[in-house]
Each structure stands twice: as structure tokens, then as C-alpha cells.
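The values are calculated or read from the model by the stated rules, or taken from the named source; none is laboratory data. Just so we're clear, the structure is a prediction, and the values are computed from it rather than from any experiment. No Cβ is skipped: glycine too gets one built from the backbone with ideal geometry, and neighbour counts run over all protein chains shown. These accessible areas exclude ligands, DNA and RNA; they are computed on the full protein's heavy atoms, side chains included. Shrake-Rupley method; radii C 1.70, N 1.55, O 1.52, S 1.80 Å.
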Amino acid sequence: MHKRDFSYSADNFRAISILFVILSHLVNLSLLNNSLNFFLTDATTWFLFISGYLFFQVESNENFSYFKYLKKKIKFVITPYLIISAPCILAGIYFHQPQIYEISTEKYIAWSLLVGGLVNGPMWFTPMIAIFFLASPVFLNLTQKNTLILLLTAAAGIIISIFSSRPTLNSNPIYSFIHFFGFYMLGLFFFKIRNEIKSLSKSLSTQIIISGILLYAIIASFNSDFDLNGKEYIPFFEAIGLPNSTTLGKLVLLISIFVFLEKYFNIPNKYLRYISSISFGLFFLHGIFIRIFNKNIEINLQNPFYSALLEFIFVFLSSIITIEFSKKILKHRTRYVIGC
């Protein structure tokens, strides 16, 4: 990718997305109010959007080789996944998870590798994204179609995304692929129309941004949970058969944020650039440190916000320290171990 083709807006958005992903996984986040939970939850949709956008930007050219592409993903995504999964699976065995789920140790190991396991919860993402890797010729073919076909495919995918939910415990990569497919397609479409987005007038860009934020606020206001028999909490939209409110909210906010970044923040930022460059390392490691924090650190703060803040600082800094320490020890081989 030539330097002139580099998209600072996409790079900045990838950094923002991984920060939201980390925040959405914090255990202490559940202690905060519903509005903040709604704002932070399901940032994976943004990560899939950026994945589609960058796939189009980096891989959509006449030199694309499917086998070289898969080889690269195996080296830098699947290999770190397997390496980091090993101690997590051993920890699960040590804490008797096979017995809890009433399966054999062998089946527990196979299940953990296929769906990501539960010790490092966010790892479910890797088996799902592997399906996107395998389907890359299909996506490459779509990028070569005219804009209308790509738009219709993206629109169909988004409809599926907002009228579906994640599988229980994120334990089915195929269902997850179907659920998030629309956001990956939207990333492809946005890259296809990137020049049109850049050429939008500032007034029209501002209108899109404000409209998206207002629409998000309306969706969020209708997401007030209600008690069903004192046991179950169902978001308002889903309770009356309308779209998945969390996914719909993330969609309109995504459009607003990306248009804002494209028009007003398509510039280098050293802090966001750094976070973006280690985003896969943060992704692979943050679930481990969330587990360590909540298993070993006792906090008795009256304000749940400070508990969540302390958890985030511990998880974020621990992940960065581990990444930097790994780089000093392993040099360029860190990509094979932690993905960055």
C-alpha cells in the first residue's frame, strides 16, 4: 500500500474501535447505568467494518494471491490465537471447566479451539474472522462489481445484522459470521465510495453527523429495559419485534463517527496510530488481564464508575506492557505470538 493511499481516518477509527472493544468487555461495566452500557456494547461491529474497509484498501488489486493471503493470516492471526489459547485452555482444565460443562477434556480442548473458549472470552472473534479470511475471494469479487451491486449486498447484510443477535456465549462462529457479515460488507462499500465521502461539503457532512447522533439518542432512549416477571430484562425494541437496538445504534453511530473522521480528522495522530498498530495484540491479551483483575484484585469502591475505570487502567496498561516486553524479547517475531 502506497503512502498516498494510507487512510488516517480508518486507522484512527481502528484505534477507537479496539478501545471500545476493551471497554465493552470490562466486568465492572455491568455495574454502571444502562445508557453507558448501551453506548459501549457491541463495538465488534466497528471492528468488522474496519476489517472490511482495510481488506478492500490493502488486498483489492491485481496482485492478490489467495494462498499468500491465507498464509499471512495463518502466521499473524491464527498462530497467535493458538499460542495464546494454549495457557487459557490449560487454565480452563485446571479450574474444572470440562466437568462444569459435562464434557471430556479432549472435547473441551477441541471446543475451545473451535469457538474461542471462555477463559479468554474475546477470543471467540478469531474463529469467526477466520471464516471471513476463507471467504476472501467472494469479497474480492464483490469489490470488483459496480457500486450499486456492492450497495445492495451491503444493505442486505446490514438488514440481517440488525434483525439478528449473537449466538449464546458467542459459541458458534458460523452464526457470528452471519450476524456480523453486514458490517464487513459496509466497510467494503464505504471504501468503494471513499472519494464521494471526501467530496461531501462540510455542511452536508455536519448534517449527516448530527442526524446520526440524534437518531442514536432516540434509539438509546427507547432502549430502557423493563422487568419481565422480576427475572428477565428485554430491550424495548427487541421486545416488540423491531431491530436489534444495540446493533442499530452502533450502525448509526458508526456512520456519524466515520464521516466525522473522514472530513475532520483524516490526519495522523501518534497516540491513535500507536493503539491501532498494536490493536491485535490488545485484542488477544485484554481478555486475559480482565480475568486476572477480577479473579485476584479486590476492590471496594462505592462508586462503580471508579471500579470500571480502575479495571480499564489495569487491563490497558498490562496489555501494553506485555506487548512492549514481548517486542524487546522476541523482536519481529512478536507478530507470531501476540499478533502485532
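Extending 7 Å from Cα along the Cβ direction at Lys202 and again at Val58 yields two label points whose distance is 3.4 nm.
Which percent of the accessible heavy-atom area of the chain goes to carbon and sulfur, probe 1.4 angstrom? Before the final figure, lay out the partial values.
Values: 11260 of 17320 Å².
Carbon plus sulfur share of accessible area: 65 percent.
Seen from every direction in turn and averaged, the convex hull around the alpha carbons of the chain projects onto 19.0 nm². Residues in the chain average 51 Å² of solvent-accessible surface per residue, probe 1.4 Å, ligands and nucleic acids excluded. Rounded to the nearest whole Hz, the Karplus-based 3J(HN,Hα) values (6.51 cos²θ - 1.76 cosθ + 1.60, θ = phi - 60°) of the range 307-314 follow the sequence 5, 5, 5, 5, 4, 4, 4, 4, with x at glycine and proline.
With R₀ fixed at 41 Å, the C-beta to C-beta distance from Leu151 to Leu31 puts the FRET efficiency at about 0.50.
Dividing the summed -39500 (n - 2.57) terms of all DSSP H runs of n ≥ 4 by the residue count of the chain sets its mean residue ellipticity at 222 nm at -22500 deg cm²/dmol. Near Ala154, within a Cβ-to-Cβ distance under 13 Å, what is the net charge of the other residues, with Lys and Arg +1 and Asp and Glu -1? Here the count lands on +2. Taking 7 Å steps out from each Cα toward its Cβ at Leu169 and Glu324 produces label points 3.7 nm apart.
For the options Ile197, Ile210, Ile297, a Gaussian network treatment of the chain with springs between C-alpha atoms closer than 10 Å singles out Ile297 as fluctuating the most. Among the listed pairs Lys263/Lys328; Lys192/Lys328; Lys75/Lys270; Lys72/Lys328; Lys72/Lys327; Lys263/Lys331, those whose Cα-Cα separation exceeds 31 Å are Lys263/Lys328; Lys192/Lys328; Lys263/Lys331. Among 322-331, 113-122, the peptide with the highest mean count of other Cβ atoms within 10 Å heads the list, and the full ranking is 113-122, 322-331. Relative to the Cα centre, the charge distribution of the chain, modelled as +1 at Lys and Arg Cβ and -1 at Asp and Glu Cβ, gives a dipole magnitude of about 1440 debye. Working note: Cα atoms of the range 134-196, range along each principal axis, descending, whole Å: 39, 23, 16.
If you wrap the tightest convex hull around every Cα atom of the range 242-340 and split its volume per residue, you get 169 Å³.
Principal axis analysis of the Cα atoms in the range 17-170 yields extents of 53, 41, 25 Å, listed in decreasing size.
Residue by residue, the range 19-30 carries 3J(HN,Hα) couplings of 5, 5, 4, 4, 4, 5, 8, 4, 5, 6, 4, 5 Hz when phi is fed to the Karplus relation 6.51 cos²θ - 1.76 cosθ + 1.60 (θ = phi - 60°); x denotes Gly or Pro.
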